[in-house]
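The structure appears below as structure tokens.
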Amino acid sequence: MSKVPSSQLVLDAAYRCFCRTGYRRTTVSDIVEEAQMSRPTVYKYVGSKEEAIVKVVQALLDRAGVAARAAAEAAATPEEKVLAVLTVKLEVAIRLWQDSPAHAQELLTAATAQAPGLVTTYTDGLAALLTAALAEVVPDTARQAAAVLLTFTRGLEDDLRDTDAVREELAAGVQMITHGALARSVSAPAGPPRPDPAERRPS
């Protein structure tokens, strides 16, 4: 078994502290104690709790981004790709909620406050994956459909007390939204009927 790097041990300890007591109440001393390392060693990897929360959430979102790309590549149809990407997003929220029901939102808010582009970059990456999947069929409306799907998924993340129900709602919602978007590829709205020139009469 390969040895876990000290940097990862420190971030894992910081994550446990943040989940247990929240960002505001966590101190670097708490992280030092949790990691069971010397203070200089911990400071080598995280110089402050602000840096710690950014690195913890960054690592979490980086892993999710990689997983989302892999899931999209493994799926066969546009709808399956969309569901695979959004499932990864939902599972990140579920993991945070399960690890820290009382502080999950606080952790994301704190990380965003310290590094405003952190969550935005992650979400933009997911949007690009969704857009690429939908553009295979509806290139003109793929971006709008991707935005709707992300908004829908964020709404589900507001209440994660019943994770099985939320997963089912995601699958059902993705099916309805993607079917609506993809239907445009086969049933474009017709314009008003053109007048028959033979029926025109001089005024």
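The values are calculated or read from the model by the stated rules, or taken from the named source; none is laboratory data. Owing to the predicted nature of the structure, the values given are computational and were not obtained by experimental measurement. Cβ sites come from the backbone with ideal geometry, for glycine too, and all protein chains shown count toward neighbours. Note: accessible area is taken over every heavy atom of the protein model, side chains too, but ligands, DNA and RNA are not part of it. Shrake-Rupley method; radii C 1.70, N 1.55, O 1.52, S 1.80 Å.
A few notes on this one:
Let's see how each residue does on (1) modelled with pLDDT under 90; (2) in a helix (DSSP H, G or I):
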position: F152; (1), (2): no, yes
position: E168; (1), (2): no, yes
position: A181; (1), (2): yes, yes
position: R194; (1), (2): yes, no
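- Listed by first and then second residue, the pairs linking a residue in the range 48-66 that is closer than 16 Å to A113 by Cα to a residue that is of a type in the set (D, E, K, R), with Cβ atoms under 8 Å apart and 6 or more places separating them unless they lie on different chains, form an empty list.
- Single condition R24 does not satisfy, out of (1) assigned to a helix (DSSP H, G or I); (2) open to solvent by 40 Å² or more (accessible area, probe 1.4 Å): (1)
- Selection within the range 129-161 - touching a residue at least 12 places away in the same chain (Cβ under 8 Å) and of a type in the set (K, R): R143
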